[in-house]
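Everything on this sheet refers to the single structure shown next.
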Amino acid sequence: MLTVEIRKQLPDYLLEMKFAVADNMTVLFGPSGCGKTTILRCIAGLTRPDQGRICLDETVLYDSSRKTCLPSRYRGIGYVFQEYALFPHMTVRRNIMYGVKNYNTAAADTLNELLSLLQIGNLIHRYPAELSGGEKQRVALARALMTGPKILLLDEPLSALDHEIRLELQDELLKMQQMWKIPFILVTHDLREAQKMGQQIIFMENGRPAPKDKQILFFQRSLQL
């Protein structure tokens, strides 16, 4: 279980969010610039809130009252960035294995499982420049899961993909979450994607939960799509 209660002053508004995430697919939904990515970065330890508390199971990741801020490398969090963030000088295999400290039998089994599930076994000797957008995203997902994270953060990972590839990867993400049984938090401003993916949807507007009337409006719009 992840619990988040944070405040952070941003240039245009005060980000103030409180929510909890169980072992499911939770979606942060809202327009661009409403603070979704900032929340992911605070959870991952890449951005520090001004005030609040973030806990993952029994581990305190951040607590302003105790002046606690656990470094990113100790948080056990996987992060899939919108721009993939693959290392261009590394092969697919080396990208996936980046961050794995000990290559043992268990790591080899996990690698083979991910290569099979994501259908990228034939790509292991290629470099990122030789991959399509969908292939890069699968590699980024494999790298994030390879280290056995306690939670996976996904920052609009499908927004740049063609429609058919996007639908395919949506299905794969849902399947992966069910298999890994850890919290997945997906950021999107696509309503259809939010409704398909989210077992829990957190509607946001200017750094805060969207008012109930706005949430109703989102659903009404979805019926017209």
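Brief remarks follow.
- Selection within the stretch 98-142 - in contact (Cβ under 8 Å) with a residue 60 or more places away in the chain and buried (at least 20 other Cβ atoms within 10 Å of the Cβ): 140, 141
- Scope the stretch 51-97; condition open to solvent by 40 Å² or more (accessible area, probe 1.4 Å) and either of a type in the set (Val, Ile, Thr) or part of a strand (DSSP E or B) (or both); matching residues: 51, 53, 59, 68, 69
- Here is the figure for the stretch 19-50: residues that are surrounded by fewer than 14 Cβ atoms within 10 Å (Cβ to Cβ) and not in a loop (DSSP other than H, G, I, E, B) total 1.
- Count of the stretch 149-170 residues which are outside any helix (DSSP H, G or I), free of Cβ contacts under 8 Å to residues at least 60 places away in the same chain and either among the β-branched types (Val, Ile, Thr) or surrounded by fewer than 18 Cβ atoms within 10 Å (Cβ to Cβ) (or both): 1
- Residue count for the stretch 25-60, restricted to those that are in contact with a helix residue (DSSP H, G or I) (Cβ under 7 Å, 6 or more places away or on another chain) and under 28 Å from residue 170 (Cβ atoms): 10
The values are calculated or read from the model by the stated rules, or taken from the named source; none is laboratory data. All values reported here derive from a predicted model rather than from experimental measurement. Cβ atoms come from the backbone with ideal geometry, glycine included; neighbour counts cover every protein chain shown. Side chains are part of the model used for accessible areas, which takes the heavy atoms of the whole protein and leaves out ligands, DNA and RNA. Shrake-Rupley method; radii C 1.70, N 1.55, O 1.52, S 1.80 Å.
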